[in-house]
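Here's the structure, in structure tokens; my notes come after.
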Amino acid sequence: MREGVSVKEFGVIKEIKKFVIKIEGLSNCMVGQLVNFTDDTKGFVIGFNEKEVLVLLLGSGGKIKANDIVYSEWQTFTIPVGDNFLRRIVNSLCQPLDGKSPVKEEAFYNIFRDAPSVLDRVPIDEMLQTGIRIIDSSIPIGKGQRELIIGDRMTGKTSIAVDTILNQKDKDVICIYCCIGRDYASFEKVVGVLAENGALDYTIVVSSLASSSIGEQYLAPYTAATLGEYFMYSGRDVFVVFDDLTKHAWAYREISLLLERPPGREAYPGDIFYLHAQLMERAGRLSPELRSGSMTFFPIADTLQGDIAGFIPTNLISMTDGQVYLNSTLFGEGFKPAIDLGLSVSRIGNKVQSEAMRELTKDVGLNYIQHRELLKATKLRAAVSEELNLRLRHGEKIEQLLKQDRFSPSPIAEQLILFYALKKGALDAIPDAKCEDFKKGIYAFAQENFPDLVKSLEEGKTMTADDRKRLNECIVQFFKE
């Protein structure tokens, strides 16, 4: 085809079934191809047979009616990408939703791109600092990992994702928050928190709310992944949150039922596993030949009354590199973030942690789980031995350190100071109130009186003898004052 020549293929709308349009014509179409309607609404081909083409509508399509003419330009479905999308809120087609000027793109990427091949990847060996002590110590996340956030409604799943975004400030990590099928009030709250903390400077927000069309909700995670791939292939580190994939599965189930595809378990179509697995495969760490970029995924999924054996949760667990499970019972007890360490895991393991962090936190998760079991065992006992009492006191201090307010990420230097004090037993003998003061005040005290120590802890992979000496001095001085 000569350059500058555009070829259009025309078809006619034969039937409108809610947001699925049946079209006659378009005999040269392919799945994923973009289709244009007369009112400037767009759709894309989601299936076809010898007689008709099935197109999923992107938008309300209120003016579309039977016998209207549609056309396609033989183009695969591409969306604009680029650095200019930072600090912007866009929809599934990368059109701005924040009332600002149109975004100037730097390239166009296929929205259904293939994931990088095995030969294009390298092992994950660098930690993504979430700023959440219980995760960074016991469920460390690597750059390029896929970690599922799972739990009942209202247990703090989105807060974990938002905290992680807030913690990427000044760390040269591009963040993408993808909202799928949520209500406007909760979406506005998340964007407000990001704006208040200056996180929008390095964040793209992809929004497809419950009021958006089903087609837009279906496309939203692919749009977020495609925007992330632009930065990943530019050699940057990217962090993507999908909030949440349960609602994405609902949208696809609705589409499939309208397409009259045979339903399977819980009425989901048979290819729902493939749909999410194809998306999850796009995360990873690229080889030096491809500029060593990475893309980390935090898919979020709902459970019903703590049942992690549901169809969508088990699907996502099997295709990710671990899960963070939030327990509604822990949430009710006031332990926040309400992460159940017994059911949470990171399959990358502690190999992504620095040597200092690995040394100080290797027993924290296990000791906390044992503490919870010990509490259950001693509940009905009138008296406990001195040794058991000491273990319970130590477990209480671990629990106190792992508790953390939302939207207040903990820098890695602060975590090292706290876990060093815990490991040395400096907190076991002090009252809970003093321990709380130590947790909230030691980092500011160290920044003011031991700035070289803080800098060394932030930059160093190992903890030197000099670091330990100054840490001891810092802790002693804090308690003296």
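DSSP finds beta bridges in segment 106-249, and of those with both partners inside it, around 5 percent are antiparallel.
For Leu97, nonlocal amide neighbours, meaning residues 5 or more places apart or on other chains whose placed amide H falls under 5 Å from its own, are Ile89, Val90, Asn91. Beta-bridge orientation, segment 79-353: approximately 30 percent antiparallel, per DSSP, counting only bridges with both partners inside. Taking amide H positions as modeled 1.01 Å from N, with prolines and chain starts lacking one, the residues under 5 Å from Arg182 and 5 or more places away or on another chain are Ala210.
With the convex hull drawn around the C-alpha atoms of segment 358-480, the volume per residue stands at 122 Å³.
The value of relative contact order for the chain, using C-alpha pairs under 8 Å at least six residues apart, is 16 percent. By the count of other C-beta atoms within 10 Å, a proxy for reagent exposure, Lys247, Lys63, Lys403 are ordered fewest to most as Lys63, Lys403, Lys247.
Computed over segment 410-452, the P(r) curve from all C-alpha pair distances, binned at 5 Å from the origin, holds 5, 22, 31, 27, 12, 2 percent per bin. Phe85 sits among other residues whose Cβ lies under 12 Å from its own Cβ, and their net charge, with Lys and Arg +1 and Asp and Glu -1, is 0. For segment 1-122, the Cα gyration tensor yields ellipsoid semi-axes of 27, 20, 15 Å (square root of five times each eigenvalue, largest first, whole Å). Looking at the chain alone, DSSP beta bridges between its own residues are antiparallel in about 55 percent of cases. Taking the longest Cα principal axis of the chain as reference, the axis of helix 214-232 is set at about 60 degrees. Under the convention that each Lys and Arg Cβ holds +1 and each Asp and Glu Cβ holds -1, the size of the dipole of segment 46-86 around its Cα centre is about 200 debye.
Around the amide H of Ile176, modelled in the peptide plane, lie the amide H atoms of Ile204, Phe239, Val240, Val241, all under 5 Å away and 5 or more residues distant in sequence or on another chain.
Here the chain is treated with +1 on each Lys and Arg Cβ and -1 on each Asp and Glu Cβ, and its dipole about the Cα centre works out to around 560 debye.
Computed from backbone phi with θ = phi - 60° and the Karplus coefficients 6.51, -1.76 and 1.60, the 3J(HN,Hα) list for segment 131-136 is x, 9, 4, 5, 7, 4 Hz; x is used for glycine and proline. Alpha-carbon geometry of segment 241-388: the Rg and the Dmax are 20.3, 67 Å, given in that order. In the chain, the longest principal axis of the Cα atoms and the axis of helix 157-166 are about 80 degrees apart.
Past the 21 angstrom mark, what percentage of all C-alpha to C-alpha distances in segment 411-481 do you count? Tail of P(r) above 21 Å: 16 percent of Cα pairs. Its residue count N fixes a reference of 2.2 N^0.38 Å for segment 79-353, and the Cα radius of gyration divided by that reference is 0.94. With 19 Å as the limit on Cα-Cα distance, the pairs of Lys247/Lys336; Lys17/Lys65; Lys379/Lys434; Lys171/Lys423 that go past it are Lys247/Lys336; Lys379/Lys434; Lys171/Lys423. For the chain, how big is the tail of P(r) above 36 Å, as a whole percent of Cα pairs? Distances greater than 36 Å cover 37 percent of the Cα pairs. A simple rule links phi to the HN-Hα coupling: the Karplus curve 6.51 cos²θ - 1.76 cosθ + 1.60 with θ = phi - 60°, which for segment 307-318 gives 7, 7, 8, x, 4, 5, x, 5, 4, 5, 4, 6 Hz, with x for Gly and Pro. Over segment 9-75, what portion of Cα pair distances is larger than 17 Å, expressed as a whole percent? Roughly 24 percent, rounded to a whole number. Across segment 434-445, rounded Karplus estimates of 3J(HN,Hα) from the backbone phi angles (6.51 cos²θ - 1.76 cosθ + 1.60, θ = phi - 60°) give 5, 5, 5, 4, 5, 4, 8, x, 5, 5, 5, 5 Hz, Gly and Pro being marked x.
In degrees between 0 and 90, to the nearest 10, how far off the longest principal axis of the chain does helix 386-402 point, with axes built from Cα atoms? Its long axis makes an angle of about 40 degrees. Using only the C-alpha atoms, the convex hull of segment 315-424 corresponds to 131 Å³ per residue.
No value in this document is a laboratory result; all are computed from the given coordinates. Here the structure is a predicted model, which means the values were calculated and not measured. Reconstructed Cβ throughout: ideal geometry from the backbone, glycine too, with neighbour counts over all protein chains shown.
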